[in-house]
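Visitor: Handing you this structure, nothing more for now.
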Amino acid sequence: MIHYQVSGNIALITLDAAPVNALGQAMRENLLENLHKAHSDASVKAIVIGSNLALFCGGADIEEFDSDRLWASPTLHDLNDAIENGPKLTIAAINGIAMGGGLELTMACDYRLARRSAKMGLPEIKLGLFPAAGGTQRLPRLAGLQFATDMILSGTPVSADQALESGLLNRVVPDDADFDEQAINFAKDLIKRNAPRRNCSEIEVELAQAGDHFFDQARNAIARKTSGQIAPEYCLKSIELSTRLPLDEALKADVIAFRELLETPQARAMIHLFFGQREAQKIPGVTRDTKTRAIDSIGIIGAGTMGSGIAIACLDAGLPVTLLETSEEALERGLHTVAKHYDRSVEKGRISDDKAERLKTALKGTLDFAALADVDLIIEAVFEDMAIKKSVFEQLDKVCKPGAILASNTSTLDLNEMAQTTSRPGDVIGLHFFSPANIMRLLEIVRADATSADVLNSALQFAKRIGKVSAVVGVCFGFVGNRMFEPYFREGSRMLLEGATPEQIDRVLTDFGMAMGIVSVADLAGVDVSYRVRESRRGEFAQDPSYQAIQDKLYQLGRYGQKTGRGSYFYQGREKTSDPDLITLCEQLAKELGIERRDIPDQEILERCFYPLINEGIQILDDGIAYRSGDIDLIWVNGYGFPAWRGGPLWYADDLGLSKVLDGMNRYRASLGHYGELWFKPASLLERLVAENGKLSAHKG
């Protein structure tokens, strides 16, 4: 785990525990032993703690969070105390990523240097926690209150240059320099000039520039973004302690608060998602020995919003892209969209002019399928119409090289049917991006019946390369995400007819933690888009004349949502206001359909939106369309705005109690008459799990 050597009067302690130098109990114990060895060696004047891996340290071993090993001696607090209060000057040599507990360890050192490409972060808030091993105490002392608060509340890593400017780092080393040599020379220089020890207990947080109402302002600034979450308040309270208590007292208070927070449902939910992201990579038929195909070039068919977004995601990952369209006008529009994106990034200071030009020149446009002959991965992002997509695959089959991966971005259609139009169905896979594709984190990878294991493995690696959270799903209408979205959307629309207002429905859902309410989502996605999807399935809904009646009416009136300035709401740009005519339309439709209007309680809105959604997810699991409940949770958190601190819809159902979900489904099935009989039949797996007192999180699809 650790290499120890002495070079002159400097002890080098080098972490070497793949994959991320996690600070589990064994690593902590080993590191402490080596620290004591250096402390007891009279010839050693300084200690350099570095890493033999490409990163410095990924932080605590999260697998210990549900065991006593997290608190086993030596704890991370014990380790940091031994560094900070030991007899020798200690330098952290940060060669790469330093996250969480790894960064906290460096802050216990006297000095820190890093490669220019290194990133440092305290992402604990993304696990529903706070950096309690000194992050909230030492960072404000070293880097200032504002910098520390922003970094801790966002959980976003900072660059080495940002860390240097703040005072967190003492030196930045160019990437092309010999980093180990630079670290040793830095230590020698500190010894030579008799540099003082820098114990954080002797540093006070500078309050002069913060102002009297700093913490009130910080709370107000994040209130809407973190509504319902408790970790941000724990972060702020702990940071506040750094301004009022001595370091040792504040650290003791942090341990108590961290233990308390770790046991909350929110922390458990977010840790579930962390592990769910790992589990989602474990796919039947894909092993360590499964080969991957080289993906060094991308072809994208369709230069609309989705195609342009996919192109940007690939270009950002360093992949050259060939964009194909059927007309010069459409192609130029797509190329312009991509170029404009990078121009805006330059204007906002996100990238340099040189980088923007490199990215733009990595994109080529074409009207000829033959230009895709040598491309490794082709993604079609054309209109959601089976005939059009099958035509695309027939042409790809003729021109693409053997071994090329042929992917569809379909959101609902039968991938097996598309694959059978080719002579190579094993090369066909679904890559369902979410719009905007360069921003949304989710990628649903659709495994068709014939998709080969190496194509699937290649898709998983491609998703990582372009920075996506991926989950593998099977073939059915809507796959996982959109199939579950259907009952959620259905109930939101039905309750408009029964008497709820768009504002009430959206408020209930956003108060729950959804990124947007369902009525606003429908307007944003496009009333015309959902109408076209329904048109292909009308026969399935004929038994319910009220099915999406209000959305169909809006379509007939040309009220397509934000794009036309009017849907369920009025729009001026993205700003929406109430539309009294919507209520009139709902009243008229309700009368025609014999639906009694009434005041609908908020709790009913919540339950009727989420219980059918959960029930559909359970059926998907039982059908084998998803491998595990965690995959479904990942999809809904990363693609549909379900609050991460609730863990995803199926984790939420487990936490709520499956018996409560079952009782709710049966209650509405009885109370809503014919409508309830149609749409509120519980999934058989839900009934079985309740009878067995089982959990969705333990069930494998």
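Visitor: Rank the residues T361, T90, T75 as a footprinting-exposure proxy: fewest other Cβ atoms within 10 Å of their Cβ go first.
Guide: By the 10 Å Cβ count, ascending, the order reads T361, T75, T90.
Visitor: Using Cα positions and a limit of under 13 Å, work out the aspartates and glutamates in reach of K225, with same-chain residues fewer than 8 apart set aside.
Guide: Partners found: E233, D511.
Visitor: Describe numerically, in nm with one decimal, the distance between label points set 7 Å from Cα along Cα→Cβ at D216 and at K401.
Guide: Computed distance between label sites D216 and K401 equals 6.6 nm.
Visitor: Based on the Cβ-Cβ distance of E279 and E503, what FRET efficiency does E = 1/(1 + (r/R0)^6) give at R0 = 41 Å, to the nearest 0.05?
Guide: 0.60
Visitor: Now a separate question. Quick one: dipole size for the range 1-68, taken about the Cα centre, charges +1 on Lys/Arg Cβ and -1 on Asp/Glu Cβ, in debye to the nearest 20.
Guide: In debye, rounded to 20, the range 1-68 gives about 500.
Visitor: Counting other Cβ atoms within 10 Å of each Cβ, which trypsin sites (Lys or Arg not before Pro) in the range 272-373 have at most 12 and sit in a DSSP loop?
Guide: K282, R288, K291, K348, R350
Visitor: Now, a different point. Could you check what % of the DSSP bridge pairs in the chain are antiparallel, to the nearest 5?
Guide: The antiparallel fraction comes to roughly 30 percent.
Visitor: Which order results if L554, L207 are arranged by neighbouring Cβ count within 10 Å, fewest first?
Guide: Going from sparsest to densest Cβ surroundings: L207, L554.
Visitor: Within 10 Å of each residue's Cβ, count the other Cβ atoms and sort H272, H39, H213 from fewest upward.
Guide: H213, H39, H272
Visitor: Let me ask something additional. For the chain, what's the relative contact order in percent, using C-alpha pairs closer than 8 Å and at least 6 residues apart?
Guide: Answer for the chain is 9 percent.
Visitor: I would also like to ask the following. About its Cα centre, how strong a charge dipole does the chain have in debye, to the nearest 20, once Lys and Arg get +1 and Asp and Glu get -1 at the Cβ?
Guide: Dipole of the chain, to the nearest 20 debye: 580 debye.
Visitor: Taking 0.36 nm per residue of sequence separation and subtracting the Cα-Cα distance, how much length would be gained by fully extending the chain between Q556 and I351, in nm to one decimal?
Guide: Answer, rounded to one decimal: 69.4 nm.
Visitor: How much length is gained on full extension from D176 to E263, taking 0.36 nm per residue of separation minus their Cα-Cα distance?
Guide: 26.8 nm
Visitor: Between L32 and R574, what is the FRET efficiency for a Förster distance of 45 Å, r being their Cβ-Cβ separation, to the nearest 0.05?
Guide: The formula returns an efficiency of 0.25 here.
Visitor: Taking every pair of alpha-carbon atoms in the chain, what share in percent sits in each 10 Å bin, from 0 to the bin with the longest distance?
Guide: Reading upward from the zero bin: 3, 13, 21, 23, 20, 13, 6, 1, 0, 0.
Visitor: Looking only at GluC sites (Glu not before Pro) in DSSP loops with at most 15 other Cβ atoms within 10 Å, what is the longest site-free stretch of the chain?
Guide: Free of exposed loop sites, the longest segment is 264-595.
Visitor: Related question: Can you work out the base-10 log of I(q)/I(0) for the range 298-475 at q = 0.15, 0.16 1/Å, using the Debye formula on its C-alpha atoms alone?
Guide: Relative scattering, expressed as log10 I(q)/I(0), comes to -0.79, -0.90.
Visitor: What dipole magnitude, in Debye to the nearest 20, does the range 29-70 give about its Cα centre under +1 on Lys/Arg Cβ and -1 on Asp/Glu Cβ?
Guide: In total the dipole reaches around 420 debye.
Visitor: Straight-line reach from K192: which lysines have a Cα under 23 Å away, not including same-chain ones fewer than 8 places off?
Guide: K37, K45, K88
Visitor: Picking from Y547, Y488, G526, whose Cα lies most toward the positive end of the charge dipole for the range 480-581 (charges on Cβ: Lys, Arg +1; Asp, Glu -1)?
Guide: The Cα lying farthest towards the positive end belongs to G526.
Visitor: Can you give the Kirkwood hydrodynamic radius of the range 2-263 from its Cα pairs, in Å with one decimal?
Guide: One over the average 1/r among Cα pairs gives 18.4 Å for the range 2-263.
Visitor: Now, a different point. Residue separation times 0.36 nm, minus the C-alpha to C-alpha distance between D544 and N666: what's the value?
Guide: Contour length minus the Cα-Cα distance gives 42.0 nm.
Visitor: For the pair K237/A373, report the inter-label distance in nm, with labels modelled 7 Å from Cα in the Cβ direction.
Guide: The two pseudo-label positions are separated by 6.8 nm.
Visitor: Something else now. List the lysines whose Cα lies under 23 Å from the Cα of K591, skipping any in the same chain that are fewer than 8 positions away.
Guide: Correct list for K591: K553.
Visitor: So, how do all the Cα-to-Cα distances of the range 601-701 break down into 5 Å bins, in percent, from 0 on up?
Guide: Here the calculated profile for the range 601-701 is 3, 13, 25, 26, 19, 11, 3, 0.
Coordinate-derived values only; no laboratory data. Remember, it's a predicted structure, so these values are computed and weren't measured experimentally. Note that we place each Cβ from the backbone using ideal geometry, even for glycine, and neighbour counts take in every protein chain shown.
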